[in-house]
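*Asks:* I am attaching a structure below and will ask some questions about it afterwards.
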Amino acid sequence: MNAVRERMERMGTTSVDLLQFHWQDYTDCNYLSALQILRDLKTEGLISAIGLCNFDASRTDEICTQLGPGVIVSNQVQVRRNMRVHG
């Protein structure tokens, strides 16, 4: 929570329109706690919208279930040229 406020202060702003959240290590489930803190900052009005970066479908579903409807507004996924899609 303090990290977000510190960065906002450095940017000279009192709110963020869209905060994109990225997490590298899925074995560390603290991403749920971190997102709950971001949801609290959204409730306070410091963040207008929360998005995810590169989360797979199962974790996106888990996150949306934990946080409730409408909290996560996007998931920016990596797309590579010539990427094969299986299924």
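The values are calculated or read from the model by the stated rules, or taken from the named source; none is laboratory data. For clarity, every value in this text was computed on a predicted model and none was experimentally measured. Cβ atoms come from the backbone with ideal geometry, glycine included; neighbour counts cover every protein chain shown. To get the accessible areas, we keep the full protein, side chains included, count just its heavy atoms, and leave off ligands, DNA and RNA. Shrake-Rupley method; radii C 1.70, N 1.55, O 1.52, S 1.80 Å.
*Asks:* Tell me, rounded to the nearest percent, the portion of alpha carbon pairs in the chain spaced more than 17 Å apart.
*Replies:* Roughly 51 percent, rounded to a whole number.
*Asks:* Ignoring everything but the protein chains, give the 1.4 Å probe accessible area of residue 43 in square angstrom, nearest 10.
*Replies:* Only protein atoms counted, so the area is about 120 Å².
*Asks:* Report, to the nearest whole %, how much of the accessible area of the chain belongs to carbon and sulfur atoms, 1.4 Å probe, protein only.
*Replies:* On the way: 3000 of 6220 Å².
Of the solvent-accessible surface of the chain, carbon and sulfur hold 48 percent.
*Asks:* In addition: Just flag the trypsin sites (Lys or Arg not before Pro) in the stretch 23-86 sitting in loop per DSSP whose Cβ has no more than 13 other Cβ atoms within 10 Å. Walk me through the numbers before you get to the answer.
*Replies:* Numbers: sites: 39, 42, 59, 80, 81, 84; in loops: 80, 81, 84.
Qualifying residues, ordered by number: 80, 81, 84.
*Asks:* With n ≥ 4 as the cut-off for DSSP H runs, can you work out [θ] at 222 nm for the chain, using -39500 (n - 2.57) per run divided by the number of residues, rounded to the nearest 500?
*Replies:* -12000 deg cm²/dmol
*Asks:* Name the most mobile residue of 30, 75, 54, meaning the one with the largest mean-square fluctuation, in a Gaussian network model of the chain with Cα contacts below 10 Å.
*Replies:* It is 30.
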